[in-house]
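Take a look at the structure set out below.
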Amino acid sequence: MPVLEVEDLAVAFRGEEVVSGVSFAIERGETVALVGESGSGKSVTALSVMQLLPYRYASHPRGSIRVHGQQVVGATEDEMLKVRGERVGMVFQEPMTSLNPLHTIERQIGEILYVHRALGRSDARGRTLELLNLVALPNARERLGAYPHQLSGGQRQRVMIAMALASEPDLLIADEPTTALDVTVQAQILSLLEELRERLRMAMLLITHDLGVVRKMAHRVCVMTAGRIVEQGRAATVFNTPRHDYTRHLLAAEPGGDPVPVARGAPAVMAAKELSVRFDLGRGWFQRARHLDAVRRVDVVVRRGQTLGIVGESGSGKTTLALALLRLLASKGDIRLGELAIQGLRVKALRPLRNRMQIVFQDPYGSLPPRLSVREIIEAGLKIHRREMSPADRGRAVGRVLEDVGLEPDAQDRYPHEFSGGQRQRVAIARAIVLNPALVVLDEPTSALDVSVQAQVIDLLRDLQRRHDLAYLFISHDLKVVRAIAHELIVMKDGAIVEQGEAAQVFDAPRTDYTKALMAAAFELETLAGGAADA
């Protein structure tokens, strides 16, 4: 009997079908991948298996989902609690919105072990440490008392994977499990999932936009678009002899092109010298105070019309550096916005300068207020920094910026949950550029997007940079994406810069062993995906 059987599944939101006629099965020890662009219905299908859709307006007009023969469509909450806790685990795409911000990492993993494995406090702590070490979380013992906001995006994803594996489920649903991870850790996580699948004979439903990951992990592939499976079969067959035009489109799509030309001698938009960030880790009984040097004596310059790329493994200090530059984290050293020294400015003095420096976060779903419409989200900054504008002027400005980012003006009346991941990221970009900033920090802006949408977003960012002379600080673990947009490149490790220079030079002739290892890992993943694209 298959671990999971999905037959003729339909999902409707407020009566309108968004998924239709989806059928597939997963045997014990098998990995099946769902691939497709943002909004194709992949995650909706996965959430249906867990019965986690917002059923106040979602429904299943027809179809069935069986886990070990048990029907889950229409199951009671008590029945689903047992299914979710003992038979099916899930790694969600957006860990910051899935982890409880008020609970420590130890408590969140421990709760699963208490409820579903009946472990005592000591045993649960030991098992939690074992799981965190399995997913390669640095300094796992010290992180037990950490809260989600104190971890990097990649570290939060590793915690999510540890939680999903805590009950050793028969079926693991992995929704973009390596989205937030750098290329070296991706390989570790994928190897871990493969090892656990083989050892536990666990079935896996893998949802990802990364075709290299699919080629490496999946036995069978289901290709989705517009809520339907248009092609499915053995992975090798789908990759080597795709039958459907949409499948061929996916295999050929990836970010490419060259960075926008930048003027020689362009003025510095933001610069920092000897910038350092230290986090206080507190102290225990009879212990000395502990601290973490998250950024160590960094020099950085971002020029008008230029993109400065920052790469490095999770926890290397990339996002911390960006937040310190924006004065969103306390730091030491000199920071200048144009010619103005801003390091010593108080909050009130900084407020009028915020319109000149904006940020697009890694997780658009977590950074967009869910109860505000798109218009309310985008015009919030205008209300603060453009008080002379009338409501009608603000409405026109919102419409123009939505068109700039490739969305229809009438999208302003919708809410974030009504958009796909790629569309939400466009809304986040619109919110950042509506104030005509000098600098935009882009923190993993494409990490949650499939390859074809990645290419669209990179094209959009280059077009906006060309038209508005924007300066970008671009943080990413995806080296293909960085190469397509960055003029200069910084490589970080353990809070320090280990290599920097012109992007082309660093990519083509890296000098340090660490940079060479990053490039080699990226090349291995590109080769896997590239083999599919060339087929």
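The values are calculated or read from the model by the stated rules, or taken from the named source; none is laboratory data. Because the structure is a prediction, the values reported are computed rather than measured. Cβ: placed from backbone, ideal geometry, glycine included. Neighbour counts: every protein chain shown. Just so you know, the surface numbers come from the protein's heavy atoms only, side chains and all, with ligands and any DNA or RNA stripped out. Shrake-Rupley method; radii C 1.70, N 1.55, O 1.52, S 1.80 Å.
Filtering SER38, SER43 for residues that are over 26 Å from ARG197 (Cβ atoms), at pLDDT below 95 and open to solvent by 10 Å² or more (accessible area, probe 1.4 Å) leaves a single hit, SER38. Among the residues of region 62-79, is any open to solvent by 10 Å² or more (accessible area, probe 1.4 Å) and closer than 28 Å to VAL135 by Cα? Yes, region 62-79 contains at least one residue that is open to solvent by 10 Å² or more (accessible area, probe 1.4 Å) and closer than 28 Å to VAL135 by Cα. Taking first residues from region 451-464 that are within 15 Å of VAL360 (Cβ to Cβ) and open to solvent by less than 20 Å² (accessible area, probe 1.4 Å) and partners that are among the acidic types (Asp, Glu) and not in a helix (DSSP H, G or I), the Cβ contacts under 7 Å between residues at least 6 apart in sequence or on separate chains come to VAL453/GLU37.
Within region 217-261, the set of residues being outside any strand (DSSP E or B), of a type outside the set (S, T, N, Q) and within 23 Å of VAL18 (Cβ to Cβ) comprises ALA226, GLY227, HIS244, ASP245, TYR246, HIS249, LEU250, ALA253. Beta carbons closer than 9 Å, at least 6 apart along the sequence or on distinct chains, pair a first residue in region 282-296 that is at pLDDT 90 or above with a second that is among the hydroxyl-bearing types (Ser, Thr, Tyr) for ASP293/SER276; ALA294/SER276; ALA294/THR320; VAL295/SER276; VAL295/THR320; VAL295/SER331; ARG296/SER276. Within region 42-54, is even one residue more than 30 Å from VAL457 (Cβ to Cβ) and either in contact (Cβ under 8 Å) with a residue 24 or more places away in the chain or under 23 Å from the mean Cα position of the chain (by Cα) (or both)? Checked against the condition, which is being more than 30 Å from VAL457 (Cβ to Cβ) and either in contact (Cβ under 8 Å) with a residue 24 or more places away in the chain or under 23 Å from the mean Cα position of the chain (by Cα) (or both), region 42-54 yields at least one hit.
Scanning region 138-147 finds one or more residues that are modelled with pLDDT of 90 or more and aromatic (Phe, Trp, Tyr). Could you tell me how many of the residues in region 190-216 are of a type in the set (Gly, Ala, Ser) and in a strand (DSSP E or B)? Matching residues across region 190-216 total 1.
Restricting attention to region 105-122, does a residue exist that is open to solvent by less than 70 Å² (accessible area, probe 1.4 Å) and either touching a strand residue (DSSP E or B) at 6+ places or on another chain (Cβ under 8 Å) or of a type in the set (Ser, Thr, Tyr) (or both)?
Kept after step one, since they are open to solvent by less than 70 Å² (accessible area, probe 1.4 Å), are these residues of region 105-122: 105-106, 108-110, 112-113, 116, 119-120.
Now restrict to residues that are either touching a strand residue (DSSP E or B) at 6+ places or on another chain (Cβ under 8 Å) or of a type in the set (Ser, Thr, Tyr) (or both): none.
No, there is no match, as no residue in region 105-122 is open to solvent by less than 70 Å² (accessible area, probe 1.4 Å) and either touching a strand residue (DSSP E or B) at 6+ places or on another chain (Cβ under 8 Å) or of a type in the set (Ser, Thr, Tyr) (or both).
Filter region 280-312 down to the residues that are acidic (Asp, Glu) and surrounded by 12 or more Cβ atoms within 10 Å (Cβ to Cβ), then identify the one that is farthest from ILE458 (Cα to Cα). Working first, answer last.
Narrowing region 280-312 to residues acidic (Asp, Glu): 280, 293, 299.
Imposing the further condition that a residue be surrounded by 12 or more Cβ atoms within 10 Å (Cβ to Cβ) reduces the set to 293, 299.
Details: ASP293: 32, ASP299: 26 Å.
Top of the filtered list is ASP293.
Figure legend. Inter-residue proximity from region 11-40: first residues over 29 Å from ALA252 (Cα atoms), second residues open to solvent by 10 Å² or more (accessible area, probe 1.4 Å) and of a type in the set (S, T, N, Q), beta-carbon distance below 6 Å, spacing 6+ or different chains. Indicated pairs: ALA12/SER59.
Matching residues to (1) over 25 Å from HIS209 (Cα atoms); (2) without any contact (Cβ under 8 Å) to a residue 12 or more places away in the chain:
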residue	(1), (2)
PRO95	no, no
ARG107	yes, yes
GLY110	yes, no
ARG117	yes, no
ALA124	yes, no
ARG127	yes, no
LEU134	no, no
TYR147	yes, no
LEU151	no, no
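With the structure loaded, tell me whether VAL277 is open to solvent by less than 30 Å² (accessible area, probe 1.4 Å), touching a helix residue (DSSP H, G or I) at 6+ places or on another chain (Cβ under 8 Å) and farther than 19 Å from ARG356 by Cβ or whether it fails that test. Considered against the rule, which asks whether it is open to solvent by less than 30 Å² (accessible area, probe 1.4 Å), touching a helix residue (DSSP H, G or I) at 6+ places or on another chain (Cβ under 8 Å) and farther than 19 Å from ARG356 by Cβ, VAL277 comes out as yes.
Note on region 1-106: enclosed strands (runs of 3 or more DSSP E) holding 1 or more residues that are of a type in the set (A, V, I, L, M, F, W, C) and farther than 29 Å from VAL238 by Cα are 4-13.
Residues in region 46-58 that are surrounded by 15 or more Cβ atoms within 10 Å (Cβ to Cβ), under 17 Å from GLY227 (Cβ atoms) and either modelled with pLDDT of 95 or more or in contact with a strand residue (DSSP E or B) (Cβ under 8 Å, 6 or more places away or on another chain) (or both): ALA46, SER48, VAL49, LEU53, ALA58.
Tell me, yes or no, whether region 375-390 has at least one residue that is among the hydroxyl-bearing types (Ser, Thr, Tyr) and either within 19 Å of the chain's Cα centre (by Cα) or part of a helix (DSSP H, G or I) (or both).
Among the residues of region 375-390, not one is among the hydroxyl-bearing types (Ser, Thr, Tyr) and either within 19 Å of the chain's Cα centre (by Cα) or part of a helix (DSSP H, G or I) (or both), which makes the answer no.
Only a single item in (1) touching a helix residue (DSSP H, G or I) at 6+ places or on another chain (Cβ under 6 Å); (2) assigned to a helix (DSSP H, G or I) is not met by LEU407, and it is number (2). Among the residues of region 326-338, the one identified as closer than 24 Å to PRO259 by Cα and in contact with a Leu (Cβ under 7 Å, 6 or more places away or on another chain) is LEU337.
Only residues that are small (Gly, Ala, Ser) and part of a loop (DSSP other than H, G, I, E, B) were counted across region 107-148, and they come to 5.
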